[in-house]
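**Student:** Below: one structure in structure tokens.
The values are calculated or read from the model by the stated rules, or taken from the named source; none is laboratory data. Here the structure is a predicted model, which is why all the values come from computation and not from measurement. Here Cβ is always computed from backbone atoms with ideal geometry, including for glycine, and neighbour counts include all displayed protein chains. Ligands, DNA and RNA are excluded from the accessible area calculation, which covers all protein heavy atoms including side chains. Shrake-Rupley method; radii C 1.70, N 1.55, O 1.52, S 1.80 Å.
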Amino acid sequence: MKYLLKNGLLFTKDEFRPADISVEGGRIVSIARGPEAVSGSVIIDLHHAAVFPGFVDVHVHLREPGFSYKETIRTGTLSAARGGYTHVCPMPNLDPVPDSLAALNVQREIIGRDGVVHVHPYGAITRGEKGEALADLEAMAPYAAGFSDDGRGVQSGEMMRAAMLEAKRLGKIIAAHCEDNSLLRGGYIHDGEYARAHGHRGICSESEWGQIARDLALAAETGCRYHVCHISTRESVDLIREAKARGVDVTSETGPHYLVFCDRDLQEDGRFKMNPPIRSGDDRAALLAGLLDGTIDMIATDHAPHSAEEKSRGLEKSAMGVVGLETAFAAVYTHLVKPGILLMGRLMELLHDNATKRFGFGTPLEEGQPADLTVFDLDRSYIVDPEKFQTMGRATPFAGMELYGVCRLTMVDGRIVWQEEE
């Protein structure tokens, strides 16, 4: 299919410039002002909407195989497309857990059949994500985005050291969910202001940053490429900043909900429950500082759908996890870019450039490259209505909020995989 995307505002480096984009054979054949449409082209007038490279999310949960009542590869990747994402990396807390090539191939077969964006699955660090024996990292390495036991921390330092040494040998990333189970003590929201005022059991910050400190020492020792998932605490930011200054090969991510909310915003509703939890105002300020100074490299959604029943049990008993692919760009644009806290160029680094450099996924918006792009109307706002999501999950702390930035179109390899109805 041939397309001419007319009257776009192409974002490059730190500015928007008018451009028309011709797409043919799955690739961008020209970016210019006013090219003639190639015979047979479908012409789409973008009406001066913003054009970006398709975003990359290195931390999502697509739930299939094993938990398709929560999400499927099809619905999860449609959700990604609607959010402007063209590359996503699903975590391995599945059934079967992808801890061998055979198990990983079960997931890869579904991805090949049903995925509408590029999907790069992680392999597990340990067998069954149980932390007791290493998974078959070598067999999975050519096909895995990296290795993670996301959903739980690797409790044994010796096991993590062995995983890092093997990942180093294989040239792969360890993407760590850092959580010390011995410090959880039955907690389920942040151990802070809201928990104390409402009689909830809290999760202390050290349960996250303590394991990050351990892993940073191991990464320095082994030379492993180490990535810290969904950081939420001030101490985590400080530790990663110091480790980078020492030359440790570490990158990190945080999620939109940690950047917009703090524990004073919590409500007695499962849509505010995720792991790690939304933390204090001081933690949120530290995360923002980490975004601005380069300590935090990526914004990842940790998109984690559950059934309505699983999320209907309040803060204490609901499953942990919220959806985020369809609101991520708009939430960060509305709350950080529009007020002038974050520059658009920095947001593109956080949503595309840095993930591409670190993980190798993502496509530059250039002539000759695959047409992986997304188009947003930055002037249009909408009220977040989870019932209109493409994902099967409905739990989001952004429900009912007004956000700016409507995704008009997303293209993957020159195919339109999302188009907003006029």
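**Student:** Once every DSSP H run of n ≥ 4 in the chain is given -39500 (n - 2.57) and the sum is divided by its residues, what mean residue ellipticity at 222 nm do you get, rounded to the nearest 500 deg cm²/dmol? If you can, show how the numbers build up before the last one.
**Tutor:** Values: 13 runs with 115 residues, N = 422.
So the calculated ellipticity at 222 nm is -7500 deg cm²/dmol.
**Student:** Also, quick follow-up: Which order do LYS357, LYS168 take by accessible area at a 1.4 Å probe, largest first? Intermediate values should be presented prior to the final figure.
**Tutor:** Working: LYS357 160, LYS168 110 Å².
Putting LYS357, LYS168 in descending order of accessible area: LYS357, LYS168.
**Student:** Over segment 267-364, with every protein chain in place, what whole percent of the accessible area is carbon and sulfur at 1.4 Å, could you tell me?
**Tutor:** On the way: 1580 of 3170 Å².
So the carbon and sulfur contribution to the accessible surface is 50 percent.
**Student:** Calculate, in nm to one decimal, what ARG264 and ALA217 gain on full extension: separation in residues at 0.36 nm each, minus their alpha carbon distance.
**Tutor:** Details: separation 47, 0.36 × 47 = 16.92 nm, distance 3.35 nm.
Stretched fully, the ARG264-ALA217 segment lengthens by 13.6 nm.
**Student:** Inverting the mean 1/r over all pairs of different Cα atoms, compute the Kirkwood radius of segment 271-357 and quote it in Å.
**Tutor:** Numbers: mean 1/r = 0.0694 Å⁻¹.
In segment 271-357 this quantity evaluates to 14.4 Å.
**Student:** Given the whole protein assembly as supplied and a 1.4 Å probe, what does the accessible area of VAL228 come to in Å², nearest 10?
**Tutor:** VAL228 has an accessible surface of roughly 0 Å² with all protein chains in place.
**Student:** Using the Kirkwood radius built from alpha carbon pairs, what does the Stokes-Einstein equation give as D for segment 45-141 at 20 °C and 1.002 mPa s, in µm² per second? Display every interim value, and only then the final one.
**Tutor:** Working: Rh = 14.1 Å.
The diffusion coefficient I find is 152 µm²/s.
**Student:** Can you list the lysines whose alpha carbon is less than 17 Å from that of LYS311, not counting same-chain residues fewer than 8 positions off?
**Tutor:** Here the lysines satisfying the reach criterion relative to LYS311 are LYS70, LYS273.
**Student:** What full-extension length gain, to one decimal in nm, is calculated for ALA289 and HIS47 as 0.36 nm per residue of separation minus the Cα-Cα distance?
**Tutor:** Values: separation 242, 0.36 × 242 = 87.12 nm, distance 3.51 nm.
That pair, ALA289 and HIS47, stretches by 83.6 nm at full extension.
**Student:** Sequence neighbours fewer than 8 away in the same chain don't count; with that in mind, list the lysines whose C-alpha is under 26 Å from LYS172.
**Tutor:** LYS130, LYS244, LYS357
**Student:** Can you tell me the dipole magnitude for the chain around its Cα centre, using point charges on the Cβ only (Lys, Arg +1; Asp, Glu -1), in Debye to the nearest 20?
**Tutor:** Working: 45 positive and 61 negative charges, 33 e Å.
For the chain, the charge dipole is close to 160 debye.
**Student:** Let me ask something else. With label points built 7 Å along Cα→Cβ from the Cα atoms of SER30 and HIS198, find their separation and express it in nm.
**Tutor:** Using points 7 Å along Cα→Cβ, the separation is 5.8 nm.
**Student:** Let me ask you something else. Just the number, please: carbon plus sulfur as a percent of the accessible area of segment 100-238, 1.4 Å probe, no ligands or DNA/RNA counted. Show your work: numbers first, answer last.
**Tutor:** Values: 2520 of 5410 Å².
Carbon and sulfur together cover 46 percent of it.
**Student:** Can you tell me how much longer the chain between GLU387 and VAL106 gets when fully stretched, taken as 0.36 nm per residue apart minus their C-alpha distance, in nm with one decimal?
**Tutor:** Working: separation 281, 0.36 × 281 = 101.16 nm, distance 3.03 nm.
Length gained between GLU387 and VAL106: 98.1 nm.
**Student:** Not counting ligands, DNA or RNA, and with a 1.4 Å probe, what is ASP14's accessible surface area in Å² rounded to the nearest 10?
**Tutor:** Per-residue accessible area (ASP14): approximately 120 Å².
**Student:** Relative contact order (percent) for segment 261-411, with alpha-carbon contacts under 8 angstrom and 6 or more residues of separation? Let's see the in-between values first.
**Tutor:** Working: 217 pairs, mean separation 39.9, N = 151.
Relative contact order here is 26 percent.
**Student:** Further, regarding this structure: Taking the Cα centre of segment 130-202 as origin, sum charge times position over the Cβ atoms of Lys and Arg (+1) and Asp and Glu (-1), and report the length of that vector in debye to the nearest 20.
**Tutor:** On the way: 9 positive and 11 negative charges, 21 e Å.
Taking the Cα centre of segment 130-202 as origin, the dipole is about 100 debye.
**Student:** Please list, ordered by chain and number, the residues whose modelled amide H lies under 5 Å from the amide H of SER280; skip anything fewer than 5 residues away on the same chain.
**Tutor:** Close amide H contacts, sequence-distant or interchain: ASP263.
**Student:** Using the heavy atoms of the protein chains alone and a 1.4 angstrom probe, what is the accessible area of segment 116-163 per residue in square angstrom? Could you put the intermediate results ahead of the total?
**Tutor:** On the way: 1750 Å² over 48 residues.
Solvent-accessible surface per residue comes out at 36 Å².
**Student:** Label LEU165 and SER312 with points 7 Å out from Cα along Cα→Cβ: what is the distance between them in nm?
**Tutor:** 5.1
**Student:** Would you please state the base-10 log of I(q)/I(0) at q = 0.09, 0.10, 0.14, 0.15 1/Å for segment 76-203, with intensities from the Debye formula using one equal scatterer on every alpha carbon?
**Tutor:** The Debye formula, applied to the Cα set alone, gives -0.33, -0.40, -0.70, -0.77.
**Student:** Next up: Just to check, using Stokes-Einstein with a Kirkwood Rh over alpha carbon pairs, what's the diffusion coefficient of the chain at 10 °C and 1.306 mPa s in µm²/s?
**Tutor:** Approximately 73 µm²/s, per Stokes-Einstein.
**Student:** Right, next: Contact order normalised by length for segment 101-151, with contacts defined as Cα pairs under 8 Å and 6 or more residues apart; what percent is it?
**Tutor:** On the way: 51 pairs, mean separation 18.8, N = 51.
Rounded, it is 37 percent for segment 101-151.
**Student:** Turning to a different aspect of this structure: For segment 257-331, report the accessible area per residue in Å² (1.4 Å probe, heavy atoms, rounded to an integer). Walk me through the numbers on the way to the answer.
**Tutor:** Numbers: 2220 Å² over 75 residues.
On a per-residue basis, 30 Å².
**Student:** At 1.4 Å probe size, with no ligands or nucleic acids counted, give the accessible surface of MET401 in Å², nearest ten.
**Tutor:** Surface accessible to solvent at MET401 totals approximately 50 Å².
**Student:** Defining a contact as two alpha carbons under 8 Å apart and six or more residues distant in sequence, what relative contact order in percent does the chain show? List each step's numbers first, then the result.
**Tutor:** Details: 1039 pairs, mean separation 79.3, N = 422.
Here the relative contact order equals 19 percent.
**Student:** Students often forget the sequence filter, so: which lysines lie under 28 Å Cα-Cα from LYS2 once same-chain residues fewer than 8 apart are removed?
**Tutor:** Straight-distance partners of LYS2: LYS13.
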